[in-house]
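The values are calculated or read from the model by the stated rules, or taken from the named source; none is laboratory data. Everything numeric in this text was worked out from a predicted model, so none of it was measured. Every residue, glycine as well, gets a Cβ built from its backbone with ideal geometry; the counts of neighbours run over all protein chains shown.
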């Protein structure tokens, strides 16, 4: 990735920033995580104020010093570790009908069935175990806030065993690491009552130190805890005035958006003392699916957030829509090009689906193009 430095040197192209996270398998992911920012210039762990050169991220470390340089990770490694590619089971990959190299098929066939454990079952078991340990929450009294707390407190450490490992940059480190995040109390001016309620019920941030004994640590998709990660752009040192989010989250149906990614973003930002515009949680969870939402900050260092979704409500109502590819209605079960479900039954899309036809790709592409361009007048007024 460090080779991209020359491409971004003149500032004429977007600067790539991949986010990932480090978890420890025996600690709930809702309680301990180390956020990692991956750029062409450095790999950063803001929680501890640690920054290392990108080319040294995969090298061997001891007491904070590189003891043996290893080849830099290729770009596709960062794409895989910062997404869900490394945590998707082989059988899940094949279940979606994806074509694969014969060598991969042979390897999958050679594995014993007991080597596989469906992620949904594992996560459900871990979630129940985690919830059984939480005796202090009376969720019945506040069903909306309680349900959100329950979701955010659920553990998902099972995927840590199926994700990439790197040489531990903290191996044998004797120096004490700082805890550099701001205290949420310092930014009380940013917390609306609903978010305050959730932050309080989740409890204090887990300030456990990183593992300094193991030679390796995991690098996982940051979406394990927070599927839309805006924290890197909320830091006041980045001077963000405007954040544009394209939400590709998997919602329950086209008629039911719970907007959990927005709530998670606000809560995690608040727990770490980062500026996030005020949101009304109880109102938001009852909002009808919308193509576009605006969240505006009330103080100078709080950015405005434009949040675009894959809601197909207005797009499919356009009469005689002319797609940008050759099309006839037999290709879409007799329906117009723009009449298709994104999340509901019969959808051709999924968060772990690996291949799409030209038609399905173009449908999603033109849907998002419409959602953005049709909302531009509103965003300009904001």
### Task
Would you mind listing the strands (runs of 3 or more DSSP E) fully within region 1-84 where at least 2 residues are within 24 Å of the chain's Cα centre (by Cα) and surrounded by fewer than 18 Cβ atoms within 10 Å (Cβ to Cβ)?
50-53
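Could you please let me know if residue 339 is touching a residue at least 24 places away in the same chain (Cβ under 8 Å), assigned to a loop (DSSP other than H, G, I, E, B) and touching a helix residue (DSSP H, G or I) at 6+ places or on another chain (Cβ under 6 Å)? Walk me through it before giving the result.
Details: touching a residue at least 24 places away in the same chain (Cβ under 8 Å): no; assigned to a loop (DSSP other than H, G, I, E, B): yes; touching a helix residue (DSSP H, G or I) at 6+ places or on another chain (Cβ under 6 Å): yes.
No; evaluated as a whole, the condition is false for this residue.
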### Task
Only residues that are at pLDDT 80 or above and either exposed (fewer than 14 other Cβ atoms within 10 Å of the Cβ) or part of a loop (DSSP other than H, G, I, E, B) (or both): list them for region 162-175, please.
168, 169, 170, 171, 172, 173, 174, 175
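Select, from 296, 329, the only residue that is touching a residue at least 12 places away in the same chain (Cβ under 8 Å), over 25 Å from residue 147 (Cβ atoms), surrounded by fewer than 18 Cβ atoms within 10 Å (Cβ to Cβ) and out of contact with any helix residue (DSSP H, G or I) (no Cβ under 9 Å at 6 or more places or on another chain). Walk me through how you get there before you give the answer.
Details: 329 fails: touching a residue at least 12 places away in the same chain (Cβ under 8 Å).
Answer to the selection: 296.
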### Task
Name every residue in region 285-314 that is within 22 Å of residue 348 (Cβ to Cβ) and within 26 Å of the chain's Cα centre (by Cα), in order of residue number.
289, 291, 308, 309, 310, 311, 312, 313
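Quick check, is residue 189 modelled with pLDDT of 75 or more and surrounded by fewer than 21 Cβ atoms within 10 Å (Cβ to Cβ)?
Values: modelled with pLDDT of 75 or more: no; surrounded by fewer than 21 Cβ atoms within 10 Å (Cβ to Cβ): yes.
No: the conditions fail for residue 189.
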### Task
Looking for whichever is touching a helix residue (DSSP H, G or I) at 6+ places or on another chain (Cβ under 6 Å), touching a residue at least 24 places away in the same chain (Cβ under 8 Å) and more than 19 Å from residue 249 (Cβ to Cβ) here; the options are 367, 359. Which one fits?
359
